[in-house]
Ligand SMILES: Cc1ncc(C[n+]2csc(CCO)c2C)c(N)n1
């Protein structure tokens, strides 16, 4: 091939710049940062996020199934373990602090925005290959790290005990989380360097769809949609 274009994750982001910005700087995020987000909206979001995490774990299991190398299989396995053994437990504990019991989480009806986003990711993985699946997961994995960084550099952001959402911000701003985000970006950079322009355009569509579904997830929380 004579075409020497080398794509990177940044090219996905700039191809969907408007949607990406609307996701990162969503009203839900701005209000959470300013400590003005209604508690009921945050609680609705937290409950649906429990269901989101379960399906997200399934997506990592699918990534394991779609792996062609031992390194990719290990990476998917680590991701699945992190969610099942660690993040879901932390999420249940955090919900408890907000007065949401585990029994309530287990009986939750799934909001349509949760269903749309998670099933889109799973379908993209089934239809495509491991790269399609990672691109569908990227707004989640990389977006939340960027959101925490955006929150932290806004002048009107309230940090510490005066913001009831401070622990949420701290989690995604943590070095542990920021490292995971960078690792995902590096993985994508390496894979995207090898794709053709036509393949890149397919991946842009996946990335845009997933970003728009993240926007809908914020709106679902903010407006407490079922
Ligand atoms: C709607 C929604 N989107 C993204 C995340 C963030 N998130 C969930 S799992 C994961 C990867 C870590 O294994 C990340 C970054 C969320 N909680 N809810």
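Applying the selection to segment 96-122, what residues are more than 12 Å from the ligand (Cβ to nearest atom) and in a loop (DSSP other than H, G, I, E, B)?
98, 99, 100, 101, 107, 108, 109, 110
From the set of residues in segment 95-109 that are in contact with a helix residue (DSSP H, G or I) (Cβ under 7 Å, 6 or more places away or on another chain) and within 11 Å of residue 46 (Cα to Cα), which is surrounded by the fewest Cβ atoms within 10 Å (Cβ to Cβ)? Talk me through it step by step, then tell me what you get.
Within segment 95-109, the first condition is being in contact with a helix residue (DSSP H, G or I) (Cβ under 7 Å, 6 or more places away or on another chain), and the residues that meet it are 95, 98, 100, 102, 105, 108.
Now drop any that are not within 11 Å of residue 46 (Cα to Cα), which leaves 95, 98, 100, 105.
Working: 95: 19, 98: 12, 100: 17, 105: 20.
Taking the candidates together, the pick is 98.
Can you say whether residue 59 is within 14 Å of the ligand (Cβ to nearest atom), under 24 Å from residue 176 (Cβ atoms) and crowded, with 17+ Cβ neighbours inside 10 Å, as far as the supplied structure shows?
Numbers: within 14 Å of the ligand (Cβ to nearest atom): yes; under 24 Å from residue 176 (Cβ atoms): yes; crowded, with 17+ Cβ neighbours inside 10 Å: yes.
When the stated conditions are applied, residue 59 passes them.
Among the residues of segment 180-191 satisfying the criterion of being in contact (Cβ under 8 Å) with a residue 12 or more places away in the chain and more than 15 Å from the ligand (Cβ to nearest atom), which is farthest from residue 17 (Cα to Cα)?
Once the filter is applied, the top-ranked residue is 191.
Residue-by-condition table, conditions (1) in contact with a helix residue (DSSP H, G or I) (Cβ under 8 Å, 6 or more places away or on another chain); (2) in contact (Cβ under 8 Å) with a residue 12 or more places away in the chain:
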site	(1), (2)
7	yes, yes
12	yes, yes
32	yes, yes
37	yes, yes
43	no, yes
55	yes, yes
69	no, no
75	yes, yes
87	yes, yes
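Of the residues 50, 65, which is under 24 Å from residue 226 (Cα atoms) and either surrounded by fewer than 17 Cβ atoms within 10 Å (Cβ to Cβ) or within 10 Å of the ligand (Cβ to nearest atom) (or both)?
Working: 65 fails: under 24 Å from residue 226 (Cα atoms).
Criteria check complete, one pass: 50.
Out of the residues in segment 137-156 that are more than 12 Å from the ligand (Cβ to nearest atom) and part of a helix (DSSP H, G or I), which is surrounded by the most Cβ atoms within 10 Å (Cβ to Cβ)?
Going residue by residue through segment 137-156, those that are more than 12 Å from the ligand (Cβ to nearest atom) are 149-156.
Next cut, part of a helix (DSSP H, G or I) only: 149-153.
Details: 149: 14, 150: 16, 151: 24, 152: 14, 153: 7.
The selected residue is 151.
Could you list, in sequence order, all residues of segment 115-138 that are within 18 Å of residue 51 (Cα to Cα) and without any contact (Cβ under 8 Å) to a residue 60 or more places away in the chain?
Within segment 115-138, the subset within 18 Å of residue 51 (Cα to Cα) is 115-123, 136-137.
Correct list: 115, 123.
Answer yes or no as to whether residue 216 is in a helix (DSSP H, G or I) and either out of contact with any helix residue (DSSP H, G or I) (no Cβ under 7 Å at 6 or more places or on another chain) or closer than 17 Å to residue 128 by Cα (or both).
Numbers: in a helix (DSSP H, G or I): yes; either out of contact with any helix residue (DSSP H, G or I) (no Cβ under 7 Å at 6 or more places or on another chain) or closer than 17 Å to residue 128 by Cα (or both): no.
When the stated conditions are applied, residue 216 does not pass them.
Residues are listed down the side, and each one gets a yes or a no for (1) more than 13 Å from the ligand (Cβ to nearest atom); (2) surrounded by fewer than 19 Cβ atoms within 10 Å (Cβ to Cβ):
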site: 178; (1), (2): no, yes
site: 193; (1), (2): yes, yes
site: 199; (1), (2): yes, yes
site: 208; (1), (2): yes, yes
site: 220; (1), (2): no, no
site: 223; (1), (2): yes, yes
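Being within 24 Å of residue 31 (Cβ to Cβ), under 19 Å from the mean Cα position of the chain (by Cα), within 16 Å of the ligand (Cβ to nearest atom) and free of Cβ contacts under 8 Å to residues at least 24 places away in the same chain: is that true of residue 170 here?
Numbers: within 24 Å of residue 31 (Cβ to Cβ): yes; under 19 Å from the mean Cα position of the chain (by Cα): yes; within 16 Å of the ligand (Cβ to nearest atom): yes; free of Cβ contacts under 8 Å to residues at least 24 places away in the same chain: yes.
Against the criterion (within 24 Å of residue 31 (Cβ to Cβ), under 19 Å from the mean Cα position of the chain (by Cα), within 16 Å of the ligand (Cβ to nearest atom) and free of Cβ contacts under 8 Å to residues at least 24 places away in the same chain), residue 170 qualifies.
Every read-out reported here was derived from the displayed coordinates using simple, explicitly stated rules and does not represent laboratory data. In this text, all values refer to a predicted model and were calculated from it rather than measured experimentally. So basically every Cβ, Gly included, is an ideal-geometry build from the backbone, and we count neighbours across all protein chains shown.
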